[in-house]
Amino acid sequence: MDHSRGQTGVGTMIVFISMILVAAIAGGVLITVTGLLEQEATTTFEESTSQVTDRLLILSVTGTVSDSDTVEVYKFTVARSAGANDIALENATFEIVDSQGAETYVVGNVSEEPTREVQAITAETNDTTITQKSDRYIISINASQRDAELSPGESATVTYTTDAGATTTIDIRAPESLTDKSVAKLYRPST
């Protein structure tokens, strides 16, 4: 009897089983890596979508005119834009660029900074989160507390950034004459 043929067959079988084990381990690693990449791609997609869609929609901006014929309080009527998820106004920031320079504030620090106030005008809840497309809020900014009132014809740029990172930028401008006015229209969206 030739024992060398039997030993070659056993050796071949051991090599074959080892290859199957290596292939199974490699397959498991590929499945795990694919799952992780899919999860990361989904997270990136959701964050990117939020940065585009979770924006504030500025419906109008009016200003309260002071006795010295300057706009001292800006009132932004806001809603959430089409396709946006819930927007927590207390986490939003706004930057004002005007003749006094540029400053950034958090909308929600009302108790720490008396320069702003959020007021629900059509929302069914008393919180400051826009949950429905029909919700309307007014964000009031007291410009006189930072010595940035708008004189007749002056303008400022305001950029709102939600906690998702989506931005909305608008230019506001005081009318050429504020005499005998208590309220002035500072912005109207183009239709």
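The values are calculated or read from the model by the stated rules, or taken from the named source; none is laboratory data. These numbers come from a predicted model, not from an experiment. Here Cβ is always computed from backbone atoms with ideal geometry, including for glycine, and neighbour counts include all displayed protein chains.
Hey, among Val110, Val118, Val65, which residue is assigned by TED's automatic domain parsing to the domain that holds Asp180, in contact with a Leu (Cβ under 8 Å, 6 or more places away or on another chain) and at pLDDT below 80? If you could, list the steps in order and put the result at the bottom.
On the way: Val110 fails: in contact with a Leu (Cβ under 8 Å, 6 or more places away or on another chain); Val65 fails: at pLDDT below 80.
Only one candidate passes the filter, namely Val118.
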Exercise for the section: Please name all residue pairs, on different chains or six or more residues apart, with Cβ atoms under 6 Å, provided the first residue is in region 87-108 and is under 25 Å from Asp135 (Cβ atoms) and the second residue is of a type in the set (A, V, I, L, M) and part of a helix (DSSP H, G or I). Expected result: Val107/Leu89
Practice task
Return yes or no: is Ile31 modelled with pLDDT of 85 or more, within 18 Å of the chain's Cα centre (by Cα) and among the β-branched types (Val, Ile, Thr)?
Solution key: no
Practice task
Give the number of residues within region 70-107 that are in a loop (DSSP other than H, G, I, E, B) and touching a Lys or Arg at 6+ places or on another chain (Cβ under 8 Å).
Solution key: 6
Fill in the blank from the handout: Filter region 134-168 for residues that are among the hydrophobic types (A, V, I, L, M, F, W, C) and in a loop (DSSP other than H, G, I, E, B); the one that is surrounded by the fewest Cβ atoms within 10 Å (Cβ to Cβ) is Ala166
